[in-house]
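Please treat every number below as a calculation from the coordinates, not as lab data. These figures come from a predicted structure and were not determined experimentally. FYI the Cβ positions are ideal-geometry reconstructions off the backbone, even for glycines, and counts take in every protein chain you see.
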């Protein structure tokens, strides 16, 4: 079951990493790809966020069943492939459902409030220009609502769901499962138990270190969203969100090392694949060289035989 979960986690992380450069490019160049790209890229980001976190919770639950409930889990794990596929489909459907507001309400539109205020002195120095012309337009990809009630509801609901389902729920599942696993490993008489405990602790601590600062910042920003505050306070909050969100992005790149490369079997198979690829590459290069040498030898031999044919009638 864990292999199926890891495959889906890898798929979610790869989709996120592929879409992230496009999001960065559009943010830097006034969202040049339009509304549909805005909805698609932001929606994919949201789906991968939820699915990745929920799948990590599924991995921890699977390890809990395999280690803590080993005797009772034989019947469950005997049909592991069926259960894991059903659970993964349910996780992806849940992630898509939670991302529906992002697909619906995100749009690319001109936001003039993101520019610095043009004061009356600047306009007085150039009377022919208006304030609108001085400010200009800047396309952003963000929520756009028709009414204030919908805006207030969605601006609170979306980040609240992200914090609750995308962080606290997986954190609770991982905390319970991995704490039980640590207790079970400490009771076992196995010389490798301390290494396994260190791996479990690393998985939990990295998850908390990457995602806790961003979710705390997002929760605070949601709580004070409609309060009146100074501009420098708003700038500080947005800067904290940017830095902590970047730290949360890093977890996608750490997942392969935490969940795959630590395992001995995976490392051995991965090294075997690299060795096979290296051998195939060497064989391909050698075959190309040998075929080129053979063809050159064959051409030179034919030319020699041709000259001999012209020189003597006894040449076979």
Most exposed first by the Cβ proxy, i.e. fewest other Cβ within 10 Å, how do 211, 232 rank?
232, 211
Given points 7 Å out from each Cα along the Cα-Cβ axis, report the residue 71 to residue 24 separation in nanometres with one decimal.
5.3 nm
Is the C-alpha gyration tensor of region 184-265 telling us rounded, prolate or oblate? Criteria: a/c under 1.5 is rounded; beyond that, a/b larger than b/c is prolate, otherwise oblate.
prolate
Segment residue 265-residue 180, extension gain: residue separation times 0.36 nm, minus the distance between their alpha carbons
28.2 nm
Exposure proxy order (Cβ contacts within 10 Å, fewest to most) of 187, 42
187, 42
Going by average Cβ density within 10 Å per residue, which order do the peptides 246-256, 43-53 take, highest to lowest?
43-53, 246-256
If you line up the Cα atoms of region 1-60 on their principal axes, what length do they span on each, largest first, in Å?
43, 15, 13
For a quick protection proxy, order the peptides 234-242, 200-208 by their average other-Cβ count within 10 Å, most packed first.
200-208, 234-242
